[in-house]
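First up is the structure itself, then whatever we jot down about it.
The values are calculated or read from the model by the stated rules, or taken from the named source; none is laboratory data. Quick caveat, the model's predicted, so the values are computed rather than measured. All Cβ positions, even for glycine, are placed from backbone atoms using ideal geometry, and neighbour counts span all protein chains on display. The accessibility values were calculated without ligands, DNA or RNA, using every heavy atom of the protein model including side chains. Shrake-Rupley method; radii C 1.70, N 1.55, O 1.52, S 1.80 Å.
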Amino acid sequence: MPRSAPARAPITSPAAATVFTTVLTQGPVSRVDVARRTGLSSAAVTKAARPFIEAGYLEELASEERTGPGAGRPANPLAIRSDREYFVGVKITADDLIGVVTDLRAGIQTSRHHPLRDHDVEHVVAALADLVGELLDEGYRDRAYSLGVAISGDVDRETGLVRYSPFLGWRDVPLAELLDEATGLKTTLENDVKALAVAEQWFGEGVGASSFALVTVGTGIGSALVVNGRLVSGAHGVAGEIGHVPISADGPVCHCGGTGCVEAIASTEAILAAAKEAAGEPGLTMDDAVARARGGDESLREVFAGAGHAIGLGLAALVNLFGPERVVVSGEGVATYDLFEDQIRRTFAVQAFGSAGRCGLVIRPLPFEEWARGAAAVAVQGLFVPDRL
Ligand SMILES: [Zn+2]
């Protein structure tokens with residue numbers, strides 16, 4: 001497919017990519033430290049950094065007197081110029097499009113929501129192009145060349161194909177190509193949980209960790225695993241399905257066909273079903289269940305604790321199997337995490353095997369813009385990936 005060649009970061013060699021990524025994710029950092037962290041020679045670092053400085057992507061900060069042992073030579077830290085290029089990220093949900101513009105370090109500059117009235121491919125592409133146009137018109141048009149799109153389901157990043165999206169009812173839609181044409185930006189697609197993991201790996205809790213897991217809790221329960229700095233995609237496209245780890249032989253039947261899956265007990269829908277049963281009120285809403293549990297209703301508190309226990313077991317299984325440095329638990333379901341955080345931590349502490357339990361557990365809510373920010377982080381990462389096949 002013909003495409004214009006926009007001004008891009010001058011990533012012309014593996015050394016250039018390594019140096020730029022190190023400063024992007026860990027900077028400001030001196031050349032000496034870049035050399036130490038990457039194993040490149042100081043001369044190679046200087047050579048690799050020069051084109052980025054000339055193109056305005058990196059800058060040299062004023063020299064700092066070094067202190068401590070070996071002090072004497074001043075160091076000029078290299079820093080990223082975050083506003084050199086902007087990135088658009090969009091998360092597609094069943095009901096709306098959430099879009100953001102971020103800078104090079106995935107810092108959100110602006111955000112917009114658009115309702116999605118129809119799931120027809122043509123309509124979604126047009127609505128998304130409108131949203132991108134409005135975001136760019138806020139003053140980012142001349143410095144934005146890339147669009148990242150996050151969508152749940154089976155997404156092939158290499159070819160830009162949505163293989164299967166259950167909530168849109170799509171199969172094999174060449175969405176990236178359609179969006180390239182509709183927006184004029186270089187589009188990268190990614191599964192939404194993997195996109196969040198990219199943001200975490202480059203600009204969040206995952207920085208400096210060679211392995212970590214991101215677990216999302218909400219309508220579904222998913223995870224993305226990063227091992228030795230790489231996102232695990234699975235030989236058959238499936239990996240990290242913590243939601244379908246079976247934890248109870250006589251538990252509820254899961255929509256996947258299995259029995260006693262974490263998701264069958266701890267998804268938002270499963271929690272609400274259990275709460276209705278515990279309260280004996282078929283009309284109970286989630287908001288009421290949360291309010292009454294917070295107010296001290298013991299039977300409802302037990303429902304949330306049961307979900308926390310299920311998530312804790314799933315996390316222990318994950319950590320016992322691959323031993324990450326850190327696990328981040330996030331998602332819309334975590335907004336009520338005061339009701340299950342204690343139980344997650346207690347169960348995890350009991351079930352994690354030996355020193356696997358030393359893995360740091362970060363539990364925090366996830367605002368919807370974060371999903372779109374994940375999409376933008378995928379677009380930032382797209383700087384380092386050759387154009388689609
Ligand atoms: Zn299942």
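Work out from phi, with θ = phi - 60° and the Karplus expression 6.51 cos²θ - 1.76 cosθ + 1.60, the ³J(HN,Hα) of each residue of the stretch 362-373, listed in order in whole Hz, and give x for Gly and Pro.
Each residue's phi maps through the Karplus curve to give 10, 10, 7, x, 9, x, 4, 4, 4, 4, 5, 4 Hz.
From the phi of every residue in the stretch 242-259, what ³J(HN,Hα) in whole Hz does the Karplus formula 6.51 cos²θ - 1.76 cosθ + 1.60 yield, where θ is phi - 60° and glycine or proline is x?
4, x, 10, 6, x, 10, 8, 5, 10, x, x, 6, 9, 4, 6, x, x, 10
How big is the gap, in Å, between the Cα center of the stretch 173-189 and the Cα center of the stretch 199-227?
26
With +1 on each Lys and Arg Cβ and -1 on each Asp and Glu Cβ, how big is the dipole of the chain about its Cα centre, in debye rounded to the nearest 20?
1780
Let me make sure I get this right: for the stretch 288-389, a, b and c are the square roots of the gyration tensor eigenvalues over alpha carbons, sorted descending. Under 1.5 in a/c it's rounded, otherwise prolate if a/b > b/c, else oblate. Which is it?
It is oblate, given that a/c is not under 1.5 and a/b is not larger than b/c.
How far is it, in nm, from the label point at residue 235 to the one at residue 81 when both lie 7 Å from their Cα along the line to the Cβ?
The answer from the label model is 4.8 nm.
Let me make sure I get this right: for the chain, a, b and c are the square roots of the gyration tensor eigenvalues over alpha carbons, sorted descending. Under 1.5 in a/c it's rounded, otherwise prolate if a/b > b/c, else oblate. Which is it?
Oblate is the answer for the chain, as a/c is 1.5 or above yet b/c matches or exceeds a/b.
Accessible area, 1.4 Å probe, largest first: how do 203, 368, 322 sort?
368, 322, 203
In whole Å, how far is the Cα centre of the stretch 324-371 from that of the stretch 86-133?
When both Cα centres are located, 29 Å separates them.
Using θ = phi - 60° and the Karplus form 6.51 cos²θ - 1.76 cosθ + 1.60, what ³J(HN,Hα) does each residue of the stretch 347-354 get, whole Hz, x for Gly and Pro?
Taking θ as phi minus 60°, the curve returns 4, 4, 4, 6, 8, 5, 7, x Hz for the stretch 347-354.
Assign one of three labels to the stretch 98-198, namely rounded, prolate or oblate, based on the Cα gyration tensor with a ≥ b ≥ c the square roots of its eigenvalues; rounded applies when a/c is under 1.5, prolate when it is not and a/b is larger than b/c, and oblate otherwise.
Prolate, because a/c is 1.5 or more and a/b exceeds b/c.
Return a whole-number percent for the relative contact order of the chain, with Cα pairs under 8 Å and 6 or more residues apart as the contact set.
Averaging sequence separation for qualifying contacts and normalising by length gives 16 percent for the chain.
Ignoring any ligand, DNA or RNA, what whole percent of the accessible area of the stretch 261-389 comes from carbon and sulfur when the probe is 1.4 angstrom?
Of all accessible area on the stretch 261-389, carbon and sulfur atoms account for 53 percent.
Order 303, 238 by their accessible area, 1.4 angstrom probe, all chains in place, largest first.
238, 303
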